[in-house]
């Protein structure tokens, strides 16, 4: 049942636009989900995208606006008056509306806010704009259902009905005191099954998970995942209930965080997509390539030190890419496991135990690889027994060292507060290339004596 | 507010266990969240973990069981009788209970199921065991609230109250016909605000997203993310409503999928964690290292072809690790962007346009790098002008080719139905190493003529 946008559909829509056939286009689009319409708009020319936007009603367009790619949204917003934008925002929940306002040019912001019809809604949005987007405050919405601990069940049900009008989905009912301080929560079920005269203070659950406005978003994600929460209340410095975060916002945080780690591991330092401009892609990719190039300079220098081997053991040089590749691969494997373990909080035990384990693991792996290397270099590559043995002994040392670097660099980075994901990418491969080649030639020199 | 397990806490708990101080231990643990207790149990000796499990009531232990690491859970389950396990399952939702039963040894399964007190619950669990764990059927639970399209609002509210007793959180109310076929959904709000005599058929929404029992889990995740759904109904081959999937299960799928892609990119072919055994880690890591080693053999052979250069241009060999590293890094960057684009469905436009873009991007990047290389090789490395130019021209060619391989191998794999994430790891670095070195020496030979 997943929707796939076909070339035919796009052509059909372009055709309808060029025919100015508003009615048929409207009927066609009204059948679709807003996420699908947003994707279609991304495929159309700007003027066609704007055409579509104008023939739909604001209930639909508001949701579409949210789903659009940032560049497309920017173009659409530029075509709308402050009043029109405000109409869209009136349809959205406070957190989504605040996100859109945050993207507007400074001079537009105030104008748009002043055009929002619902004053309470506008106040809530303005309130949300204060928070950093990477914190609980930046994620939360103001739509929630709360009751006072001094009320009884009947008052609650009445109040809740009123509040629920503004809330799309009731996740939890929060209980506050007269100062709006979060005291606990109430289950809808308990509320429905308790006598209407019962005071709330007798039925509510005093244990409630919460986050503070300045809790980082990844921390919120971790807490909600760990404790299987579908929503979590947000409190301010004084313990007052100021908003709630729902799991669908967290899904985006988790996805973004995973994408970021994946890109970092591949040597891409900013959040980019395949469809971004060449300049944006270059900005994200080039710094890492420069790092790798500079690391390459070092390997050139290192190899130069061992020039003497050219005369006596030139085949040693044929094996440098092999050694470098093994060092790089082992390092990336080790660091990926540690980075994930740190992210998922599944690393236990002392550093000392981890060291012993990593050495054991890399000795096991490298010994098997050394056997393959000895056999392969003899039967496939036809090098001398001495050389084969030299390369194999070096391979074992290189792998052990590479896996130790791969394991402990992320742990160290994490300790000093740097994102350990930085270490899985070109940083590890480059430093392991250098170390690997240095170790390899040093061992070769010791054994072969050139 | 996130919980961190301290060494002191573990020591305190071990102390209480050795003193057999059940009461204090019970009080201490009852204050904690089950996810935290599960983590603590993972840190304790087996006998201590089992001790803790026995002093808590089954409402708490059932949830703990779910959160435990698989190995710890296995150990605990081995200590429990079928009747005791059944008591735990009685506390769990059907999908969670089915997951635990699936882990039991075959001979235990039936015994445990026969001990489950609630017959309906047992039937539901048995029903769920039929489905593959990577499909919607394997993810779904049977707890849902459904109403018949022929009822009126009053009947609905009454029926719903009864059904809701078994359902932890009401996400949606589904509407079915007499044959249990999914017809639509009902919002709680509409139900509460409509006159009790209104027939359901007048108020329900006929448009409802759904998945089939055999839809793959990652597809379900994509749909729920795309359409911002907190729950989705699951239908069988005949369109009958058989279960529902909630967003918290999907969060796990998204997390696992991202972790898997990340590991594949790092050359780890199975889902492993830092705390897994050395043997498991070797199984996941060694195959990729063997692949890289075999690739290394090819590079040795390739370098052997250009032996003649040893006499006249030995410095060429100093640059091989640099060229290989650049080819590998560029390839991984390109493929990571494509793999993510394919996963997130954000790749648009024709292959032809992508080709032109990738060539443009890599020409831009490589030209900048070539300038740095020419300057660096002259001023830092002191090689001849001829050699510097040769390496730079090779670098540009190598980067362009590497980025094309990185871009089109994942697209090709995806077309023929293989997970493109496979291509980001050692597979790309190894093939790019080989291609890079071959291109480099071929160009050098053409220019320098050895």
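Laboratory data are not the source of any read-out in this text; all were calculated from the coordinates shown. Computed from a prediction, not measured in an experiment: that's the story for all the values here. Cβ coordinates were reconstructed from backbone atoms using ideal geometry, including for glycine residues, and neighbour counts include every protein chain displayed.
Work out how much length residue B:448 to residue B:344 would gain on full extension: take 0.36 nm times their residue separation and subtract the Cα-Cα distance, in nm to one decimal.
32.8 nm
What is the P(r) of segment B:278-448, as percent of Cα-Cα pairs per 5 Å bin from 0?
The calculated distribution, bin by bin, is 1, 9, 16, 18, 18, 14, 11, 7, 4, 1, 0.
Roughly how far apart, in whole Å, are the Cα centres of segment A:64-112 and segment B:109-132?
So the separation of the two Cα centres works out to 51 Å.
On a 0 to 90° scale, report how tilted helix B:153-164 is relative to the longest principal axis of chain B, with both axes built from alpha carbons and the result rounded to the nearest 10.
70
Averaging sequence separations of C-alpha pairs under 8 Å and six or more residues apart, then dividing by the length of segment B:30-131, give the relative contact order as a whole percent.
For segment B:30-131, the relative contact order is 25 percent.
Under a GNM of chain A (C-alpha, springs under 10 Å), which listed residue has the highest mean-square fluctuation: A:115, A:43, A:143?
A:43
For segment B:153-234, what is the Kirkwood hydrodynamic radius in Å, using each pair of distinct C-alpha atoms?
14.0
Just to verify a number: FRET efficiency for residue A:280 and residue A:163, C-beta to C-beta distance, R0 = 45 Å, to 0.05?
So, using R0 = 45 Å, E works out to roughly 0.55.
If I model a spin label as a point 7 Å beyond the Cα along the Cα-Cβ vector, how far apart are those points for residue B:119 and residue B:356 in nm?
Each label point lies 7 Å from its Cα, and together they span 7.1 nm.
Report, as an integer, the average count of C-beta atoms from other chains found within 10 Å of each Cβ along B:211-220.
Taking the mean over all residues of the peptide, I get 1.
In whole Å, what are the extents of segment B:63-113 along the principal axes defined by its C-alpha atoms, from largest to smallest?
23, 22, 16
What does the C-alpha gyration tensor say about the overall shape of segment A:272-347? Classify as rounded when a/c is under 1.5, otherwise prolate if a/b is larger than b/c, or oblate.
Oblate, since a/c reaches 1.5 and b/c is not below a/b.
Just from its helices, what would the mean residue ellipticity at 222 nm be for chain B, if runs of 4 or more DSSP H residues each count -39500 (n - 2.57) and the sum is divided by every residue, rounded to the nearest 500 deg cm²/dmol?
-21000 deg cm²/dmol
So the label point goes 7 Å from the Cα of residue B:364 along Cα→C-beta, right? Which residues of segment B:379-409 then have their backbone N under 19 Å from it?
Answer for segment B:379-409: B:396-408.
For segment B:232-306, what are the per-bin percents of Cα-Cα distances with bins 10 Å wide, up to the bin holding the maximum?
P(r) over segment B:232-306, rounded to whole percents: 16, 25, 22, 19, 11, 5, 2.
Taking every residue in B:274-282, how many Cβ atoms of other protein chains lie within 10 Å of its Cβ, on average?
6
Just the Cα atoms of the protein assembly as shown, one point each, no solvent: what log10 I(q)/I(0) does Debye give at q = 0.05, 0.06, 0.10 Å⁻¹?
-0.35, -0.50, -1.24
Ordered shortest first, which distances in nm separate the 7 Å Cα→C-beta label point of residue A:47 from those of the other copies?
8.3
Quick one: Kirkwood hydrodynamic radius for segment A:1-73, alpha-carbon pairs, angstrom, one decimal?
After inverting the mean inverse Cα-Cα distance, the result is 12.2 Å.
With 10 angstrom as the radius, rank B:367, B:47 by how many other C-beta atoms surround their C-beta, starting from the fewest.
Ordered by Cβ neighbours within 10 Å, fewest first: B:47, B:367.
Just the number, please: percent antiparallel of the DSSP beta bridges in segment B:145-247, rounded to the nearest 5.
For segment B:145-247, the DSSP antiparallel bridge percentage is about 65.
Axis carrying A onto B: which residue of A has the nearest Cβ, and how far, whole Å?
Spelled out, residue of A and its Cβ distance from the axis onto B: A:258, 2.
Between A:112, A:176, A:290, where does the largest GNM mean-square fluctuation fall for chain A, given springs only between Cα atoms within less than 10 Å?
Answer for the Gaussian network model of chain A: A:290.
Angle between the Cα long axis of helix B:278-305 and the longest principal axis of chain B, 0 to 90 degrees, nearest 10?
Approximately 20 degrees, to the nearest 10.
Hey, for residue A:442 with labels 7 Å out along Cα-Cβ, what do the inter-copy distances come to in nm, ordered shortest first?
Relative to the other copies, residue A:442 has label-point distances of 3.8 nm.
Working from Cα positions, state the angle (0 to 90°, nearest 10) between the long axis of helix B:217-226 and the longest principal axis of chain B.
Long axis of B:217-226 versus the principal axis of chain B: about 90 degrees.
Between residue A:202 and residue A:127, take the C-beta separation as r, use R0 = 51 Å, and let me know the FRET efficiency to the nearest 0.05.
0.95
Neighbour counts of other C-beta atoms within 10 Å: give me B:100, B:418 arranged from fewest to most.
Sorted ascending by nearby Cβ count, the order is B:418, B:100.
Tell me the relative contact order for chain B as a rounded percent, counting alpha carbon contacts under 8 Å between residues six or more apart.
Answer for chain B is 11 percent.
Evaluate E = 1/(1 + (r/R0)^6) for residue B:371 and residue A:74, where r is the Cβ-Cβ distance and R0 equals 30 Å; express this FRET efficiency to the nearest 0.05.
FRET efficiency, residue B:371 to residue A:74: 0.35.
Take every DSSP beta bridge whose two residues both sit in the protein assembly as shown, then give the antiparallel share in percent to the nearest 5.
70
Hey, any idea what Rg/Rh is for chain B, computing Rh the Kirkwood way over Cα pairs?
Radius of gyration relative to Kirkwood radius: 1.12.
Hey, what's the per residue convex hull volume over the C-alpha atoms of segment A:368-408, in cubic angstrom?
Enclosed volume per residue, from the Cα hull, is 53 Å³.
For residue A:134, place a label point 7 Å out from Cα along the Cα→Cβ vector, do the same in each other copy, and report the separations in nm, one decimal, smallest first.
3.5
Which value, to two decimals, describes the C-alpha radius of gyration of segment B:219-373 once divided by 2.2 N^0.38 Å?
Segment B:219-373 yields a ratio of 1.53.
Among B:256, B:87, B:79, determine the one that fluctuates most according to a GNM of chain B built with springs between C-alpha atoms less than 10 Å apart.
B:79
Where does each of A:23, B:158 land when they are ranked from fewest to most other beta-carbon atoms within 10 angstrom?
Lowest count first: A:23, B:158.
What is the pair-distance distribution P(r) of segment B:7-138, computed from all Cα-Cα distances in 10 Å bins starting at 0, with each bin given as a whole percent?
12, 42, 30, 13, 3
Can you quote the Å³ per residue value for the convex hull of the Cα atoms in segment A:357-450, rounded to an integer?
Convex hull of Cα atoms, per residue: 103 Å³.
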